[in-house]
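One structure is given here, and the rest of the page talks about it.
The values are calculated or read from the model by the stated rules, or taken from the named source; none is laboratory data. None of these values were measured; they are calculated from a predicted model. Cβ placement follows ideal geometry from the backbone for every residue including glycine, while neighbour counts extend to all protein chains displayed.
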Ligand SMILES: *Cc1c(COP(=O)(O)O)cnc(C)c1O
């Protein structure tokens with residue numbers, strides 16, 4: 001099978017009689033002509049459905065959108081409107097969420113090394129809770145208490161010793177981790193004691209997050225059991241079980257749905273007699289499949305007996321995941337979606353690095369040439385949010401499409417933006 005697995009496309013995708021992909025009722029080549037390439041196209045209906053599915057599975061304000069997966073004002077507002085809370089992992093993410101009009105008490109603050117300023121901002125704004133990651137952070141919160149800032153509700157991040165089967169760089173629950181208080185060596189219990197005795201914080205719960213892009217729901221069930229065993233005797237009101245649900249990126253991959261994830265996690269909690277309010281923090285599973293990235297091909301280089309390179313007008317600056325994790329993607333021509341993809345090519349970007357790869361070994365339609373559009377599906381998570389200005393490329397715009405309307409929610413950067421911080 002060389003044709004594009006259509007289930008990887010955003011929810012409202014349809015194919016016109018002439019083979020052109022439509023998302024949100026709009027033809028993708030028209031979007032490329034209007035907004036230029038590279039372009040992130042997000043299906044707003046898809047985003048809203050995933051948010052609602054998470055809320056249905058876990059409850060109103062028990063599904064906390066992990067904004068680091070994809071954040072702009074429109075996304076923050078959308079997730080909040082659909083009944084999610086927002087998890088921010090830096091002062092910058094907090095600033096964007098607040099600028100979007102999301103109330104501070106819908107925000108939870110994460111991070112393994114929050115600065116005094118970030119914590120001060122969180123306490124001053126009045127976030128719902130701070131997820132405390134270290135003793136130094138408790139020291140900082142005590143310092144802020146002495147400054148007279150309000151006493152924050154805090155949740156302690158615990159590393160439960162559960163190994164999620166995913167890429168090492170995004171596996172966070174094992175004992176050897178920079179995150180949180182270790183359960184096995186007693187650090188977690190000691191942190192609970194300290195937080196309970198401190199007048200600078202109000203301890204309301206414990207938290208774990210075992211990693212990202214996890215496909216095996218039993219990893220989540222095991223983490224839930226370990227955390228429940230630790231948390232129940234503490235009789236705290238909140239148990240936060242993190243995010244990390246995986247998504248299929250290429251044909252042949254399958255992941256549990258948010259609904260299935262919810263069933264497994266909540267069943268595990270129920271069977272452990274958990275009475276705390278259980279919440280989770282999905283990021284990728286909300287946004288990844290909602291978007292495609294549309295590029296224009298600039299060079300097709302055939303190396304006989306070696307391979308074919310297809311160079312597009314973006315690259316590792318708009319999607320660093322292949323470089324970081326060796327992640328796989330599909331590629332397709334959005335103006336001939338149903339064509340067989342009989343060719344093979346390495347899809348690369350325009351950066352000055354041999355490692356600048358978007359798809360290592362892609363099935364592509366025959367006869368690709370300069371000027372053609374090429375798109376990658378499932379780029380809604382950790383693409384735009386990890387984008388950089390490497391080689392001083394301007395970061396692509398983000399357009400939300402819905403019911404025949406295209407709404408530009410992040411404009412393309414321009415050369416002036418590249419000089420915004422230069423002083424002379
Ligand atoms: C990254 C992260 C998430 C979201 O992970 P996804 O894989 O995008 O679902 C949730 N919670 C914490 C603490 C995280 O660091």
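General remarks:
- Within region 189-216, residues that are over 14 Å from residue 130 (Cα atoms) and without any contact (Cβ under 8 Å) to a residue 24 or more places away in the chain reach partners that are within 16 Å of the ligand (Cβ to nearest atom) and in a strand (DSSP E or B) with beta carbons closer than 8 Å, at six or more positions or on different chains, in the pairs 190/181.
- Selection within region 108-160 - touching a residue at least 60 places away in the same chain (Cβ under 8 Å), more than 26 Å from residue 96 (Cβ to Cβ) and assigned to a strand (DSSP E or B): 158
- Sole residue being at pLDDT 95 or above and more than 20 Å from residue 68 (Cα to Cα), chosen from 237, 248: 237
- Within the option set 215, 220, being under 19 Å from residue 54 (Cα atoms), within 13 Å of the ligand (Cβ to nearest atom) and surrounded by fewer than 18 Cβ atoms within 10 Å (Cβ to Cβ) holds for one residue only, 215.
- Residue within region 181-191 that is modelled with pLDDT under 85 and either on the phi > 0 side of the Ramachandran plot or surrounded by fewer than 22 Cβ atoms within 10 Å (Cβ to Cβ) (or both) present: no
- Those helices (runs of 4 or more DSSP H) of region 234-336 in which at least 1 residues are more than 16 Å from the ligand (Cβ to nearest atom), considering only elements entirely within it, cover 258-271, 321-325.
- Hey, residue 293 farther than 24 Å from residue 107 by Cα, surrounded by fewer than 17 Cβ atoms within 10 Å (Cβ to Cβ) and within 18 Å of the chain's Cα centre (by Cα) or not: no
- Selection count where residues are closer than 18 Å to residue 211 by Cβ and surrounded by fewer than 22 Cβ atoms within 10 Å (Cβ to Cβ), scope region 223-246: 2
- Any hit, region 399-406, residues being farther than 18 Å from residue 312 by Cβ, part of a loop (DSSP other than H, G, I, E, B) and outside the structural domain of residue 72 (by TED's automatic domain parsing): yes
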